[in-house]
Amino acid sequence: MAHRVTGVLIFFFLFVHVLDTALVRVSPEAYDEVVATYKTPIVAVMEYGLVAAILFHALNGLRVVAVDFWSKGPKYQKQMLWSVMAIWIVLMVGAIYPVLGHAARELFGS
């Protein structure tokens, strides 16, 4: 279920990304305004959520491939899921500063 949800979230991000990038051809000023809103702390938190969705979707996708194509995959799918979760948590902890550092500096000062 989470794999499908993250896939849908990533799709909607890509849809919005294509729209806002296409805006540069229509009105460069409007594009600049939209891009300026992306520098807010709220959007930084949303970016962290996007990183979370992409990482989980990618790692879980590898697990799904292993379950489907490895003869022992179905036997070890629960262990692989826990491994995916552990790797995902480690990577998400490591992504806190690079993704949210700017927002924290903006909110709390340097």
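Charges on Cβ only, +1 for Lys and Arg, -1 for Asp and Glu, centred on the Cα centroid of the stretch 1-91; of GLN77, PHE11, ALA36, which one is farthest towards the dipole's positive end?
Comparing the listed Cα positions along the dipole, GLN77 ranks first.
Net charge within 15 Å of TRP82 by Cβ-Cβ distance, Lys/Arg positive one each and Asp/Glu negative one each, not counting TRP82 itself? Don't skip to the answer; put the middle values down first.
Values: positive: ARG63, LYS75, LYS78; negative: none.
Here the count lands on +3.
For the stretch 16-68, give the magnitude of the charge dipole about the Cα centre (Cβ charges: +1 Lys/Arg, -1 Asp/Glu; no others), in debye to the nearest 20.
On the way: 3 positive and 6 negative charges, 39 e Å.
Roughly 180 debye for the stretch 16-68.
Rounding to the nearest 20 debye, state how big the charge dipole of the chain is about its Cα centre with +1 on each Lys and Arg Cβ and -1 on each Asp and Glu Cβ. Display every interim value, and only then the final one.
Details: 8 positive and 7 negative charges, 152 e Å.
The dipole of the chain has a size of about 720 debye.
With Cα extents along the principal axes in Å as the read-out, I listed (1) 68, 28, 21; (2) 35, 30, 26; (3) 56, 37, 17; which label goes with the value calculated from this structure?
Derived directly from the coordinates: (3).
Taking 0.36 nm per intervening residue step and subtracting the Cα-Cα distance, what contour gain separates LEU91 from ARG105 on full extension? If you can, show how the numbers build up before the last one.
On the way: separation 14, 0.36 × 14 = 5.04 nm, distance 2.15 nm.
Result: 2.9 nm gained on full extension.
Of LEU91, MET46, LEU23, which is farthest towards the positive pole of the chain's charge dipole, taken about the Cα centre with +1 and -1 on the beta-carbons of Lys, Arg and Asp, Glu respectively?
Farthest towards the positive end: LEU91.
Lys and Arg at +1, Asp and Glu at -1: add these up for the other residues within a Cβ distance under 12 Å of TYR31 and post the number.
Details: positive: ARG25; negative: ASP20, GLU29, ASP32, GLU33.
Local charge sum for TYR31: -3.
Show me the ranking of peptides 82-88, 37-43, 54-60 by mean Cβ neighbours inside 10 Å, starting with the highest. Each step should come with its number before you reach the end.
Details: 82-88: 14.0, 37-43: 11.9, 54-60: 17.9.
So the order, starting with the most tightly packed, is 54-60, 82-88, 37-43.
Helix by helix through the chain, keep the DSSP H runs that span 15 Å or more along the axis on Cα and average at least -1.0 on Kyte-Doolittle, and give those back in order. Please report the intermediate quantities before stating the final value.
On the way: long enough: 2-26 (36 Å, 1.56); 41-69 (42 Å, 1.52); 77-108 (42 Å, 1.02).
Qualifying helices, which must be both long enough and hydrophobic enough, are 2-26, 41-69, 77-108.
Compute the signed sum of charges (Lys and Arg +1, Asp and Glu -1) over the other residues within less than 15 Å, Cβ to Cβ, of HIS57. Intermediate results must be reported in sequence, preceding the final value.
On the way: positive: ARG4, ARG63; negative: none.
Every neighbour counted, the sum reads +2.
Using a probe radius of 1.4 Å on heavy atoms only, what accessible surface per residue do you get for the chain? Whole Å² is fine.
Details: 8130 Å² over 110 residues.
For the chain, the per-residue accessible area is 74 Å².
The values are calculated or read from the model by the stated rules, or taken from the named source; none is laboratory data. Fair warning: this is a prediction, and the values are worked out from it, not measured in the lab. A quick note on method: Cβ atoms are made from the backbone with ideal geometry, for glycine too, and the neighbour counts reach across all protein chains shown. When the accessible area is computed, the model is the full protein with side chains, heavy atoms only, and any ligands, DNA or RNA have been set aside. Shrake-Rupley method; radii C 1.70, N 1.55, O 1.52, S 1.80 Å.
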